[in-house]
Amino acid sequence: MHLVIPDVLFTSHTDPVGRAWLAALPRLAADLLDRWELRPDGPSRHGMASLVLPVTRADGTAAVLRLQPVGEQTTGTAAGLETWRGNGIVLLFDHDPDSGSALLERLDAGRPLSAVEDDDEALTVLAGLLRRLTSVPAPAGMRRLADIAAAMLADVPAALPGLAERTDRDLLRSCAAAVAEVLGESGDRLLHWDLHYDNVLAAQREPWLAIDPEPLAGHPGFDLMPSLDNRLEAVDDPARTIRRRFDLLVDALDLDRAQATAWTLGRVLQNTLWDVADGKGAVDPVQRAVTETLWRR
């Protein structure tokens, strides 16, 4: 087959490792198609870092071949999918640990949950999936929220000077303090880490299934943020929407409200640290809206 590599992948993979992966991509795809006895079945799709090829397996099963280089984001993905076994999430048929490639159940990429306009309906679907996913204990060897949270707290002093406004520095300190209080209760559930509306697709096996996990062992409260800030810029009353979403998620997952709040502030801390590292000198307005709304509760 003739493999067309989209320009966005060249923009995303600019380091030597990424360039080497791109150069080897046509041969890798051909090798995996042959090894797993796959037949191309339609035009490819892509994200910012991956290429997805619709394929048909030897037994006629529709699948997708996901090609993405090995990296921090893909660490533990196969182990997580094998642990979930398709319970609320896409099935893993096979994977190649050397290249980070995976053969996955084919879902309907043209019908993401974000296409559901009613936010209550969409959030109810997402909350149900999140409850199922986080009910599973993380397997041994999975990345741990405890370690990630400790590293975030260690990064705060160096990040503070990168924020120009005192109020932003105060927000970062307060989020760090909230995380420090629950660090000893970081949990052992298997988290998705990035479950928002575009990471849920319509399927045949179930009405909706999650995709693209970045598995992590931790507290389910750390998994709420992508649902809280998802398409928040489009709503008329962000605070009201955040409160409604937070209440629905906490109730659906049967979480302690104080712990869920602290770990959600942990996501604000993480996102802000990432922004500062990228040269941004202010807290993102959506992150601030989530923080201030939860503080007022």
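Below is a table of values for the structure above.
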{"quantity": "Residue match in region 206-216 (condition: surrounded by fewer than 17 Cβ atoms within 10 Å (Cβ to Cβ) and closer than 27 Å to ALA63 by Cβ)", "calculated": "yes"}
{"quantity": "When residues of region 114-124 are limited to those that are under 19 Å from the mean Cα position of the chain (by Cα) and either surrounded by fewer than 16 Cβ atoms within 10 Å (Cβ to Cβ) or not assigned by TED's automatic domain parsing to the domain that holds ARG245 (or both), the one nearest to LEU249 (Cα to Cα)", "calculated": "THR124"}
{"quantity": "Residue in region 225-244 that is nearest to ALA158 (Cα to Cα), counting only those that are within 18 Å of the chain's Cα centre (by Cα) and buried (at least 18 other Cβ atoms within 10 Å of the Cβ)", "calculated": "MET225"}
{"quantity": "Among (1) out of contact with any Phe, Trp or Tyr (no Cβ under 9 Å at 6 or more places or on another chain); (2) surrounded by fewer than 22 Cβ atoms within 10 Å (Cβ to Cβ) - the single one THR272 does not satisfy", "calculated": "(2)"}
{"quantity": "Index of the failed condition, LEU133 passing every other in (1) part of a helix (DSSP H, G or I); (2) over 23 Å from ASP198 (Cα atoms); (3) not charged (D, E, K, R)", "calculated": "(2)"}
{"quantity": "Candidates VAL4, VAL8, VAL52, filtered to the one that is β-branched (Val, Ile, Thr), within 27 Å of the chain's Cα centre (by Cα) and modelled with pLDDT of 90 or more", "calculated": "VAL52"}
{"quantity": "Looking only at region 91-108, and only at residues there that are acidic (Asp, Glu) and more than 19 Å from the chain's Cα centre (by Cα), the one that is nearest to ALA62 (Cα to Cα)", "calculated": "ASP94"}
{"quantity": "All positions within region 24-69 that are out of contact with any Gly (no Cβ under 7 Å at 6 or more places or on another chain), part of a strand (DSSP E or B), surrounded by fewer than 21 Cβ atoms within 10 Å (Cβ to Cβ) and not small (Gly, Ala, Ser)", "calculated": "ARG39, PRO40, ARG45, HIS46, VAL52, THR56"}
{"quantity": "Count of region 183-209 residues which are part of a helix (DSSP H, G or I) and over 22 Å from the mean Cα position of the chain (by Cα)", "calculated": "1"}
{"quantity": "Filtered residue count, region 97-108, keeping only those that are surrounded by fewer than 18 Cβ atoms within 10 Å (Cβ to Cβ) and at pLDDT 95 or above", "calculated": "1"}
{"quantity": "Residue in region 147-168 that is surrounded by the most Cβ atoms within 10 Å (Cβ to Cβ), counting only those that are in contact with a helix residue (DSSP H, G or I) (Cβ under 7 Å, 6 or more places away or on another chain) and either aliphatic (A, V, I, L, M) or closer than 15 Å to LEU209 by Cβ (or both)", "calculated": "ALA149"}
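The values are calculated or read from the model by the stated rules, or taken from the named source; none is laboratory data. No experiment lies behind these values; they were computed from the predicted model shown. Reconstructed Cβ throughout: ideal geometry from the backbone, glycine too, with neighbour counts over all protein chains shown.
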